[in-house]
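One structure is given here, and the rest of the page talks about it.
The values are calculated or read from the model by the stated rules, or taken from the named source; none is laboratory data. In this text the structure is predicted, and so the values were computed from the model without any measurement. FYI the Cβ positions are ideal-geometry reconstructions off the backbone, even for glycines, and counts take in every protein chain you see.
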Amino acid sequence: MDRAVLDFANLPFAYQKTDQNIRFWFRDGKWSAGELTADEHIPMHIAATCLHYGQEVFEGLKVYERPDGRIQTFRSIENAHRMQRSARKLWMEPVPDALFREAVHKVVRANRRFVPPYGSGASLYVRPLLIGTSAEVGVKPSQEYLFLVFVTPVGPYYKGGLTPVRLLVEEDIDRAAPGGVGDAKCGGNYAAGMRATLPVKEKGYAEVLYLDCREKKYLDESGSSNFYAIIGKSFATPASPSILPSITNMSVRQIAKDMGLAVEQRPVSVDELPTFNEAGCLGTAAVITPVEAITYRGKDFVYAKNGKAGPITAEMYKRLTAIQLGEAPDPYGWTEIVSEG
Ligand SMILES: *Cc1c(COP(=O)(O)O)cnc(C)c1O
């Protein structure tokens with residue numbers, strides 16, 4: 001394998017053209033065989049339901065090169081299941097487990113030379129996308145769907161590794177309307193948050209931290225990752241109908257439990273900000289990113305001093321990334337080999 005000539009150690013979290021993407025079409029009640037193509041564009045009807053009515057869902061997962069040179073996925077079946085839930089929510093045709101798995105495996109193998117080398121700190125991000133493609137002008141579900149998976153090598157989403165970041169509690173802007181699409185990874189959720197996120201980045205914050213839409217009293221999550229706090233010997237993470245159920249969070253809850261922490265999924269109030277010993281963000285892109293400080297109503301609550309993550313965050317990070325990268329045994333059966341070399 002001739003690896004792509006890229007500065008893997010300094011990759012941004014951004015789109016980078018690779019060799020191929022894979023496409024499956026749902027027509028006449030069945031899915032087509034997968035087609036690998038180098039084309040980065042899709043033919044689209046001007047009245048496609050994805051454009052007008054938001055029949056669009058996507059996923060994000062990563063594959064990693066292990067120390068032995070093999071390539072593995074991390075809990076990709078959970079991404080398949082979440083995408084099915086999202087699809088049902090928006091009355092779209094769900095992608096079956098086997099098709100999702102075949103798509104991920106084939107597209108990763110077709111782009112093997114873009115998988116960042118072990119030790120580079122980068123990984124291959126896999127982006128499955130499902131859209132309604134048939135023409136409708138009344139509010140109706142599409143008859144036809146396109147399931148497409150592309151990959152792109154990426155570096156860290158925030159500062160990388162265990163470098164802490166700052167968050168600002170957002171009180172005025174709701175990302176998703178209450179009673180909205182909730183757990184679906186779909187366009188509307190993110191577009192509505194951009195006007196909150198972009199201005200705070202200019203002030204040196206990594207992200208906003210949203211509050212629940214109803215009472216503006218409980219922490220929800222940031223724009224692209226879940227949130228947790230360490231309070232004494234507890235790992236606390238918000239329970240809320242308006243956050244994305246993160247697979248990273250689910251994994252870290254298991255790891256925290258195995259480290260002897262009490263795991264609490266419950267409403268976490270802004271009144272508790274002074275009680276946190278550590279805090280962090282959780283997600284495929286964020287991995288575990290320590291929070292340096294949270295600003296709420298002009299006051300800074302500091303959780304990481306001198307750019308150093310707290311000890312519990314550091315241990316959770318070590319255990320999670322060792323499994324993802326294939327450095328340590330995987331006692332939970334979370335990983336699957338996609339390519340032998
Ligand atoms: C993707 C995402 C997460 C993290 O989910 P993972 O399954 O861990 O990648 C959290 N919040 C939002 C809004 C997301 O889009």
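Can you confirm whether THR313 is away from the ligand (no atom under 14 Å from the Cβ), within 21 Å of the chain's Cα centre (by Cα) and among the polar types (S, T, N, Q)? Before you say what the answer is, go through the steps one by one.
Details: away from the ligand (no atom under 14 Å from the Cβ): yes; within 21 Å of the chain's Cα centre (by Cα): yes; among the polar types (S, T, N, Q): yes.
In short, yes.
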Would you confirm, using the coordinates I've provided, whether PHE227 is part of a strand (DSSP E or B) and within 11 Å of the ligand (Cβ to nearest atom)? yes
Sort out which residues of the range 47-77 are part of a helix (DSSP H, G or I) and crowded, with 18+ Cβ neighbours inside 10 Å, and write them in order of number. THR49, CYS50, SER76
Any residue at all in the range 253-273 that is within 16 Å of the ligand (Cβ to nearest atom), at pLDDT below 95 and touching a helix residue (DSSP H, G or I) at 6+ places or on another chain (Cβ under 8 Å)? no
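Of all residues in the range 78-101, count the ones that are over 18 Å from the mean Cα position of the chain (by Cα) and either touching a residue at least 60 places away in the same chain (Cβ under 8 Å) or outside any helix (DSSP H, G or I) (or both).
Here the count works out to 9.
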Out of the strands (runs of 3 or more DSSP E) lying entirely within the range 120-197, which hold 3 or more residues that are at pLDDT 85 or above and either within 16 Å of the chain's Cα centre (by Cα) or of a type in the set (Phe, Trp, Tyr) (or both)? 123-132, 145-154
Would you check which residues across the range 101-155 are under 20 Å from GLY326 (Cβ atoms) and polar (S, T, N, Q) and list them? ASN111, SER120, SER123
Just to check your reading of the model, which residue among VAL208, VAL139, VAL149 is within 16 Å of the ligand (Cβ to nearest atom), in the same structural domain as ILE42 (by TED's automatic domain parsing) and among the hydrophobic types (A, V, I, L, M, F, W, C)? VAL149
Just for the range 248-267: of the residues that are farther than 18 Å from ASP212 by Cα and among the polar types (S, T, N, Q), which one is surrounded by the fewest Cβ atoms within 10 Å (Cβ to Cβ)? GLN254
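Do we have GLY193 as more than 20 Å from ILE294 (Cα to Cα) and surrounded by fewer than 23 Cβ atoms within 10 Å (Cβ to Cβ) here?
Details: more than 20 Å from ILE294 (Cα to Cα): no; surrounded by fewer than 23 Cβ atoms within 10 Å (Cβ to Cβ): yes.
For GLY193, the condition - more than 20 Å from ILE294 (Cα to Cα) and surrounded by fewer than 23 Cβ atoms within 10 Å (Cβ to Cβ) - is not met.
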Cβ pairs under 8 Å, 6+ apart or interchain, first in the range 3-18 and within 12 Å of SER120 (Cα to Cα), second among the β-branched types (Val, Ile, Thr), ordered by first then second residue, are LEU11/VAL154
Scope the range 237-247; condition surrounded by 22 or more Cβ atoms within 10 Å (Cβ to Cβ) and either within 8 Å of the ligand (Cβ to nearest atom) or at pLDDT 95 or above (or both); matching residues: THR237, PRO238, ILE243, SER246, ILE247
Out of (1) over 26 Å from VAL137 (Cβ atoms); (2) within 23 Å of the chain's Cα centre (by Cα); (3) assigned to a loop (DSSP other than H, G, I, E, B), the one ALA33 does not meet is (2)
